[in-house]
Amino acid sequence: MSYGYLGRTVILVGTDRERVGAICLGDQLRPGAAEHLQALRAGGIRRIVILSGDHPAAVRSQASGLDVDQVDGGLLPPQKVEAIRALSDGGSRVAMVGDGVNDAPAMAAASVGIAMGAAGTDVAIETADVVLMSDDLARVSYALDLARRSRRVVRQNVYFSVGWMAALVLVTATVGIPLSLAVVAHEGSTLLVVLNGLRLLR
């Protein structure tokens with residue numbers, strides 16, 4: 001019987017002369033993995049792909065209950081890089097989440113590399129654009145949401161600052177206000193920008 005086709009990773013044990021036996025290992029999904037993937041879908045992620053160096057049958061077995069679009073097993077690091085580049089064709093932005101040495105090249109090839117910092121190797125952490133200091137997959141959704149909120153706040157601050165300065169220059173040029181009042185108005189706008197940015201801490 002081929003245990004690989006049952007979704008098991010097989011390790012052969014033997015002596016110099018003969019094979020003594022085999023040890024079959026089976027991985028377990030992280031708790032809440034299915035729910036975390038659903039959260040990513042709800043957050044606007046259109047395509048989710050699993051790229052693994054484990055036996056293809058083992059990877060397919062583990063992914064059978066997950067909402068993923070593609071499952072590729074038995075991949076070497078260069079093949080993971082090729083898969084990332086194929087996903088990037090057409091201008092799509094691709095995020096690669098990994099924690100091992102074999103994931104580092106693919107993370108470097110992706111638009112954004114995300115390392116699971118608590119269990120990640122030094123190479124993966126150094127290569128990644130984002131390092132999550134936890135093994136909790138929910139932090140991936142959190143990082144995505146934080147990035148989107150940060151971009152929204154930055155845009156708000158830029159629009160407000162430009163608009164406020166334009167209005168201040170216009171009022172100064174047409175009506176005329178004391179320099180001290182203009183300085184207070186400028187510093188007040190800076191304070192408002194800082195307070196708006198602090199909303200990200202909530």
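The values are calculated or read from the model by the stated rules, or taken from the named source; none is laboratory data. Treat the numbers as computed from the prediction; the structure is a model and nothing was measured. Reconstructed Cβ throughout: ideal geometry from the backbone, glycine too, with neighbour counts over all protein chains shown.
Check Ala95, Ala138, Ala128, Ala173 and return the single one that is over 30 Å from Gly73 (Cβ atoms) and out of contact with any Asp or Glu (no Cβ under 8 Å at 6 or more places or on another chain).
None of the other options fit; the residue is Ala173.
So, Pro31, is that one surrounded by fewer than 13 Cβ atoms within 10 Å (Cβ to Cβ) and assigned to a loop (DSSP other than H, G, I, E, B) or not?
yes
Kindly indicate which of Arg149, Arg155 is exposed (fewer than 13 other Cβ atoms within 10 Å of the Cβ) and within 36 Å of the chain's Cα centre (by Cα).
Arg155
Quick test for you: out of Arg30, Arg47, pick the one residue that is at pLDDT below 90 and either charged (D, E, K, R) or in contact with a Cys (Cβ under 7 Å, 6 or more places away or on another chain) (or both).
Result of the check over Arg30, Arg47: Arg30.
Condition first: among the small types (Gly, Ala, Ser) and not in a loop (DSSP other than H, G, I, E, B). Now tell me which residues in segment 34-54 satisfy that.
Ala34, Ala39, Ala42 - these are the residues of segment 34-54 that are among the small types (Gly, Ala, Ser) and not in a loop (DSSP other than H, G, I, E, B).
Filtering segment 132-170 down to residues that are touching a strand residue (DSSP E or B) at 6+ places or on another chain (Cβ under 7 Å) and assigned to a helix (DSSP H, G or I), which residue is nearest to Val193 (Cα to Cα)?
Ala143
Answer with yes or no whether Ser180 is in contact with a helix residue (DSSP H, G or I) (Cβ under 6 Å, 6 or more places away or on another chain) and over 25 Å from Ala109 (Cα atoms).
no
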